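Reviewing the structure listed below.
The values are calculated or read from the model by the stated rules, or taken from the named source; none is laboratory data. Keep in mind that what you see is a predicted model, and the values were worked out from it rather than measured. Counting neighbours? That spans all protein chains shown, and the Cβs are built from the backbone with ideal geometry, glycine included. What goes into the accessible areas is simple: the full protein's heavy atoms, side chains included, and nothing from ligands, DNA or RNA. Shrake-Rupley method; radii C 1.70, N 1.55, O 1.52, S 1.80 Å.
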Amino acid sequence: MDEKTKKDKLSEIFESDLLGLLAVNEPKTAPVSPQDSRLIDSFQEISDFYETNQRCPELGDDIGEYRLASRLAAIKKDPKKVKILLPYDYYNLLESEETKSVSVEELIRDDPLGLLDGDDEADSIYTLSHVKPSERLRPDYIAHRKVCKDFDLYEEAFQRIHDDLEYGRRRLVEFKEGDLHEGCYYVLRGVVLYLEQNLAVKQEIEYKSGAKIRREGRTRCIFDNGTESSMLYRSLGKALKLDGFCISDLIEQTDGPVSIDSSDVQNGYIYVVRSLSRAPQIRSIRNLYKIGYCSGDVTMRIKNAVHEPTYLMSDVEIVLTARCYNLDVPYLEASIHSFFSNVNIYFEVRDDEGIMHYPKEWFTVPLNIIEEAIPLVVDKRIDSYRYDKNLQMIIQKGTSE
């Protein structure tokens, strides 16, 4: 096909675009009319139904759903309403036979610039590993993905980010609304992404409650598996809020050991032990540790463990000790136990005299996580973090919490 024929074919495609689906519009600077605003609000109810149920409303016995299904069907039959609502159709709810008047095969075949390349190769960016998938993420969050042709420009930076996370030079921070910034890194469903470009602009949107300013537009996101996406700004924000994190800036590291002088008062030790019990119900629990505190020698403290309910009436093995200086002991114990409260294991144990006891200092948490938490307790920074038992990671809380 020669260039003239291609141009004629493209002209024919745009001329047959009765609904203006291929038109590039400048962002609206004026608020929508009250009539259009009511239409947008009514369509938002349909979008909300889709977000909640992951499907379009259907005609049936439910009166509310029947009303939404009828409304959607009526909108689809009105090209003027479809055109007004297209900028707000984040889930392709308005797609119908009427909007498919242009042959998809024809568009792809006559696409000399490769603008309509498919993105099937990128499906792997949402394959999860060790992360519980969020059932609320929607199809529009995973659209517009394709292989990143210039990924070599970003690969080294991604490797540094992974190294920083592994060695504690950066942390995962809870994502809050307004945290999207160009040049920053995030984790979405277990995949690191770089927000390379943000094309969203502020627009005034008229609602029943009044006009609101919000950002609308697309982004360019680079993923660490060599793919990229042009996700909508608001869709990216929603996705990160539902199942994502910010990656912090580099954390300042102290050089060398902390000096201790004669003015420092040693309060004792935080210690971590594991049970050597042969009871199946105890041996079967992975990463089971007791986190305790003692003012003297830890070895002496556990000497009679086999006779003490707090140690489950069995011998224990010391796996970690941390010497503490100038600390408030009640704060120390309460903080670390509260921090791991969501993985606290309660036992019922009878002592040698048959009296029932309920030791509460046992937790199911990896040892390296306990090691990471202790300095936060000692520095009295633990309240700014939380433990995510699903990710098995310490997460920095959002600034607004």
The condition of being charged (D, E, K, R), over 30 Å from Arg38 (Cβ atoms) and modelled with pLDDT under 75 holds, among Asp140, Asp152, Asp117, Asp164, only for Asp117
Log entry, pairs with first residue in the stretch 311-327 being at positive phi, second being modelled with pLDDT under 85, beta carbons closer than 8 Å, six or more apart or on different chains, reads Asn326/Asp264; Asn326/Val265; Asn326/Asn267
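Criterion first (in contact with a helix residue (DSSP H, G or I) (Cβ under 8 Å, 6 or more places away or on another chain), among the aliphatic types (A, V, I, L, M) and over 20 Å from Ile270 (Cβ atoms)) does Val377 satisfy it? Spell out the reasoning first.
Working: in contact with a helix residue (DSSP H, G or I) (Cβ under 8 Å, 6 or more places away or on another chain): yes; among the aliphatic types (A, V, I, L, M): yes; over 20 Å from Ile270 (Cβ atoms): no.
Spelling it out, it is not the case that Val377 is in contact with a helix residue (DSSP H, G or I) (Cβ under 8 Å, 6 or more places away or on another chain), among the aliphatic types (A, V, I, L, M) and over 20 Å from Ile270 (Cβ atoms).
In the stretch 318-333, is there at least one residue being modelled with pLDDT of 90 or more, open to solvent by less than 80 Å² (accessible area, probe 1.4 Å) and of a type outside the set (D, E, K, R)?
Quick first cut of the stretch 318-333, residues modelled with pLDDT of 90 or more only: none.
No, there is no match, as no residue in the stretch 318-333 is modelled with pLDDT of 90 or more, open to solvent by less than 80 Å² (accessible area, probe 1.4 Å) and of a type outside the set (D, E, K, R).
Within the stretch 50-64, identify whether any single residue is touching a Ser or Thr at 6+ places or on another chain (Cβ under 8 Å), farther than 25 Å from Gly217 by Cα, open to solvent by 50 Å² or more (accessible area, probe 1.4 Å) and free of Cβ contacts under 8 Å to residues at least 40 places away in the same chain, and answer yes or no.
Filtering the stretch 50-64 for residues touching a Ser or Thr at 6+ places or on another chain (Cβ under 8 Å) gives 59.
If we keep only those that are farther than 25 Å from Gly217 by Cα too, we end up with 59.
Filter once more, keeping what is open to solvent by 50 Å² or more (accessible area, probe 1.4 Å): 59.
From the residues that got through so far, the ones that are free of Cβ contacts under 8 Å to residues at least 40 places away in the same chain too are 59.
Among the residues of the stretch 50-64, at least one is touching a Ser or Thr at 6+ places or on another chain (Cβ under 8 Å), farther than 25 Å from Gly217 by Cα, open to solvent by 50 Å² or more (accessible area, probe 1.4 Å) and free of Cβ contacts under 8 Å to residues at least 40 places away in the same chain, which makes the answer yes.
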Of Val258, Val173, Val201, the only residue that is open to solvent by 20 Å² or more (accessible area, probe 1.4 Å) and at pLDDT below 75 is Val258
